[in-house]
Structures are given as structure tokens and as C-alpha cells.
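Taken together, the values in this text are just the output of simple stated rules run on the coordinates, not laboratory data. Owing to the predicted nature of the structure, the values given are computational and were not obtained by experimental measurement. Cβ coordinates were reconstructed from backbone atoms using ideal geometry, including for glycine residues, and neighbour counts include every protein chain displayed.
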């Protein structure tokens with residue numbers, strides 16, 4: 001787990017966080033030609049609902065903070081509710097990465113790699 005603490009999550013610039021009727025959503029543009037039918041049925045965006053902790057984590061993925069710093073901010077805001085902190089945080093971040101919603105960088109370079117469980 002320690003090898004992930006200095007990674008810096010960077011949000012996909014095309015994705016935005018919106019609060020709609022008290023719920024948080026990541027609005028992911030459907031740009032692929034294969035999304036034609038989905039666009040017809042659901043509009044231009046795919047929505048991914050987040051809870052308050054997920055929305056706050058998304059906002060912290062600003063390309064400047066490390067995973068360790070994000071974890072400290074989550075702990076300060078949510079206390080024991082975030083435990084086990086780094087296991088939950090890395091699972092969430094790798095799920096975002098798998099969906100191309102964030103990338104990781106180490107310093108100024110993007111990192112290509114699998115998830116913390118060794119899957120590609």
C-alpha cells in the first residue's frame with residue numbers, strides 16, 4: 001500500500017461533478033459513436049452517483065494532492081467513518097481509473113499500472 005501513497009490522482013477534464021436535487025453525480029460525456037443509442041435515451045452524459053465522501057474525494061483529486069494527503073483530508077472531515085481509510089480510498093481511486101475518470105501521476109509523469117490487487 002505504501003507505494004501508492006505518493007501517487008497524485010488527476011481528474012479527467014471532461015468529467016464534472018454536479019449536485020442535482022441533493023445528490024452528487026459525475027457527469028461523463030458520451031462521445032463514442034457506439035454511445036448513439038444511449039445518447040438518444042439518456043442525453044449527452046452518463047451519470048455516476050457518488051455519496052458525500054466520494055464527491056469530496058473527487059474534488060480532492062486536483063492533480064496537486066497525493067493519495068496520502070487526500071487520505072488525511074478525508075480523515076479530518078469524516079473521522080472514523082472512512083476506516084479502513086487507505087484500503088477504501090485506493091479501491092475507489094482504482095475504480096475511477098478503470099473507468100478513465102482519473103489518471104495517476106508521480107511528480108509530473110503519468111503512471112501506467114494495475115490496481116492494488118495486482119490486476120491489470
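Side notes on the structure shown:
- What separates the Cα centres of region 74-94 and region 1-62 is a distance of 18 Å.
- 0 to 90° range, to nearest 10: angle between helix 67-78 axis and the chain longest Cα axis: 80 degrees
- Computed from the alpha carbon atoms alone, the convex hull of region 1-51 holds 123 Å³ per residue.
- Sequence-separation-based contact order of the chain, relative, with Cα cut under 8 Å and 6+ spacing, percent: 33 percent
- Its DSSP H runs of at least 4 residues, each contributing -39,500 (n - 2.57), put the calculated 222 nm mean residue ellipticity of the chain at -10500 deg cm²/dmol, to the nearest 500.
- What the Cβ-Cβ distance of residue 85 and residue 27 gives, at R0 = 22 Å and to the nearest 0.05, is a FRET efficiency of 0.20.
- Highest average first, the peptides 67-77, 28-38 ordered by how many other beta carbon atoms sit within 10 Å of their residues are 67-77, 28-38.
- For region 1-88, the C-alpha radius of gyration divided by 2.2 N^0.38 Å, with N the number of residues, is 1.28.
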